[in-house]
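Peer 1: Take this structure first; my questions come after.
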């Protein structure tokens, strides 16, 4: 079960070994240093300190433990980084997860086998020759075809299935499960299933880690005509894998594995619709391009995308007026604005832009014929709301009252969905300038609150504290300080003496550390707390048990100042749970809702922190609470200063050894500045002690 896994993983892994696979590290005293992988630098400012099990870049400011490094390197959330490192360390999360992981690995192997088979057919058989000629005719080089492992699915009903079943020992039902085959009336002979992809050029689809998850197929020629030119029911022009344990189209982006590095480096992602568009972009050197596998972005795709970039350029065939078939219309643009407004993506709408390609030109055509034009069109892409304003202005006759009314009506749902009030006001002024409608009238329409067709309602993202979703695996504390499974009990956690928080339930629904019976599979609280520092534990305990002091704490310290990832995750969740609503009012804090919205490991830490056998912090006076917060903040600042001091001393020793007098002079001055800061911290600590009597400590 979850809980204590982070500490166990850390104890089994050497942080230098893990980071050393991605960064060339050189020993420097008690630390290791190298070039930061997260920002461009020529002089090493990235350090790893084994004694603290931490890393820090003094150039870009990023740092943390082994989990935060994997999260930053792979752009994955904490639970995924935990699973990756747990597998590496040989730590089992639970038996069910172990079985699921083994099954998914088997399905990935089957997909890789099918990809290799189809690629071989394309590049080395007569059956694949027409498809190979087609791809070359579209401008794809042999190197691109090889790198992308493009393939050809023969026309036969079960050509691929028979080969994999008879030669590779794969079971027919496994082919069905992974989306490569299906059972049907035609599957009466042979291996009992028919190939899902037939007579199509195949594009392997991979997740952000490069693992195969599905396939996309494009028919050769036109719909209704087979590869040999004969009339045939070929199905749709484009065909993706169905939903499988590996593949969910709504959460997948084609070429994300190859684009994520360029997206992170440039800060921008360019989205196209089709496989060939994205592949041609990469061939032309534009590596930050991905395809959305359809005409509209989904919330899952946006969430994946914004791990790597906060600026988005839409290079679709956009027809905001909706007059052309098969294009990205106004409702799709409005839905995108709505879903961005409804999430914590961090994307500002003025950074979501529309690339305006020449009429009738697909992205791959522009990329083949004029790469410089593509670069310029992406650079000058228009903010999505401005694009809609300009497009609707051309659609309606703004010389008439009716045209003005329809123009305003078309735009207000979009502007109403913009969460940033400054941007909302700016676009409202643009509507006023373009339409000539008075601002007073526009504000009246804006505040009218009429339903906006196609816009997603504003809501908290799934898994967000208070959203009502449960990540599963939450657990509770027994009388021996152990954690055992059970969501119902988890909602009643408290310390000895009780915790009412702002839920105001009195004793009903409360649980003390003694109120849950012991469970045979329970984990000791101390095992869970090994993953975080005592200062982190105390700070989190104050945040969880004394809601009225949360805002003071979050004003004094941020989550990234906590050294350990699981502590950061809990701190960040508390901050989100207390985020102000649209009126700027902070909602009541609910410990129950918070725990229910956490991943199992972070929930276990929350419960362990609450259950510590310490005096209840709610018994402290206001003055004592202020003292506790200041003391803990100073401890964390001093720890960060120690890290900086070690880095500077090692760099100074190296500069003196190499005879670099100028560098040594600068480092000596920096060392003196660090000592000044340390003396200042000590004075702050002495002044803080005066706040309370030591006898109360």
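Peer 1: Expressed as a whole number of Å, what is the distance separating the alpha-carbon centroids of region 120-138 and region 151-220?
Peer 2: Spelled out, the Cα-based centre of one part sits 18 Å from the other.
Peer 1: So how much slack lies between residue 102 and residue 409, counting 0.36 nm per residue of separation and subtracting their Cα-Cα distance, in nm? Display every interim value, and only then the final one.
Peer 2: Values: separation 307, 0.36 × 307 = 110.52 nm, distance 5.37 nm.
Result: 105.2 nm gained on full extension.
Peer 1: From a point 7 Å beyond the Cα of residue 687 in the direction of its Cβ, which residues of region 634-648 have a backbone N at a distance under 20 Å?
Peer 2: Flagged as within label range: 634-641.
Peer 1: Roughly speaking, what is the stretch gain from residue 168 to residue 616, that is 0.36 nm per residue apart minus the C-alpha to C-alpha distance, in nm to one decimal? Numbers along the way, then the final one.
Peer 2: Working: separation 448, 0.36 × 448 = 161.28 nm, distance 6.28 nm.
That pair, residue 168 and residue 616, stretches by 155.0 nm at full extension.
Peer 1: So, in nm, how far is label residue 43 from label residue 30 when the simple model puts each one 7 Å beyond its Cα toward the Cβ?
Peer 2: Result for the modelled spin labels: 2.4 nm.
Peer 1: Once you have a ≥ b ≥ c as the square roots of the Cα gyration tensor eigenvalues for region 73-215, tell me rounded if a/c is under 1.5, and otherwise prolate or oblate according to whether a/b is larger than b/c.
Peer 2: In terms of gyration-tensor shape, oblate.
Peer 1: Which distance in nm do the two modelled labels at residue 420 and residue 662 give, with both placed 7 Å along the Cα-to-Cβ direction?
Peer 2: 4.0
Peer 1: Follow-up. For region 91-142, just say rounded, prolate or oblate: build the C-alpha gyration tensor, square-root its eigenvalues into a ≥ b ≥ c, call rounded for a/c under 1.5, and beyond that prolate if a/b exceeds b/c, oblate if not. Don't skip to the answer; put the middle values down first.
Peer 2: Details: a/c = 6.10, a/b = 3.39, b/c = 1.80.
Prolate is the answer for region 91-142, as a/c is 1.5 or above and a/b outweighs b/c.
Peer 1: Which shape class applies to region 535-634: rounded if a/c is under 1.5, otherwise prolate when a/b exceeds b/c and oblate if not, where a ≥ b ≥ c are the square roots of the Cα gyration tensor eigenvalues? Please report the intermediate quantities before stating the final value.
Peer 2: On the way: a/c = 1.34, a/b = 1.09, b/c = 1.23.
Rounded shape, in that the Cα axes give a/c under 1.5.
Peer 1: Could you work out how far apart the two model spin labels at residue 572 and residue 670 are, taking each label as a point 7 Å from the Cα in the direction of the beta carbon, and quote it in nm?
Peer 2: Output for this residue pair reads 2.7 nm.
Peer 1: What is the gain in length, in nm to one decimal, between residue 60 and residue 678 on full extension, counting 0.36 nm per residue of separation less the C-alpha to C-alpha distance?
Peer 2: 220.3 nm
Every read-out reported here was derived from the displayed coordinates using simple, explicitly stated rules and does not represent laboratory data. Bear in mind that the values here come from a model prediction, so they are computed numbers and not experimental data. As a convention, Cβ positions derive from the backbone with ideal geometry for all residues, glycine included, and neighbour counts pool all protein chains shown.
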